[in-house]
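**Q** Structure in structure tokens, see below.
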Amino acid sequence: MENLKTKKIIDEIARIRKKDGISCEYIADKLTITTAGYWKIENGYTNLSVERLFQISEILGISLSVLLEEVKLIKL
């Protein structure tokens, strides 16, 4: 199970994805993983690697620094 900071990041990713109308299937396709594989990342069953975090932020069209600032992990 992920730690609290990772959970906050994953929750923010899910919030942005849903707000922008982006499906789990779309992100999974862009990551070249199964939808189930992406679902496991977004639900905390698979660890979110730094590389995946960069990839997901690019797919969502948001910089990693902005994403982390959104969850109050860094101060810009």
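Read-outs: derived from the displayed coordinates by stated rules, not from any lab. This is a predicted model, so every value here is computed, not measured. A quick note on method: Cβ atoms are made from the backbone with ideal geometry, for glycine too, and the neighbour counts reach across all protein chains shown.
**Q** What number of residues within segment 35-76 are small (Gly, Ala, Ser), surrounded by 14 or more Cβ atoms within 10 Å (Cβ to Cβ) and assigned to a helix (DSSP H, G or I)?
**A** 2
**Q** Sticking with this structure for a sec: Inside segment 37-76, can you point out the residues that are among the aromatic types (Phe, Trp, Tyr) and closer than 18 Å to Asn3 by Cβ?
**A** Tyr45
**Q** Of all the residues that make up segment 1-45, how many are within 16 Å of Glu70 (Cα to Cα) and free of Cβ contacts under 8 Å to residues at least 40 places away in the same chain?
**A** The number of residues fulfilling the criteria is 7.
**Q** Would you point out the residue of segment 1-34, among those that are of a type in the set (Gly, Ala, Ser) and part of a loop (DSSP other than H, G, I, E, B), that is surrounded by the most Cβ atoms within 10 Å (Cβ to Cβ)?
**A** Filtering first and then ranking leaves Ser23.
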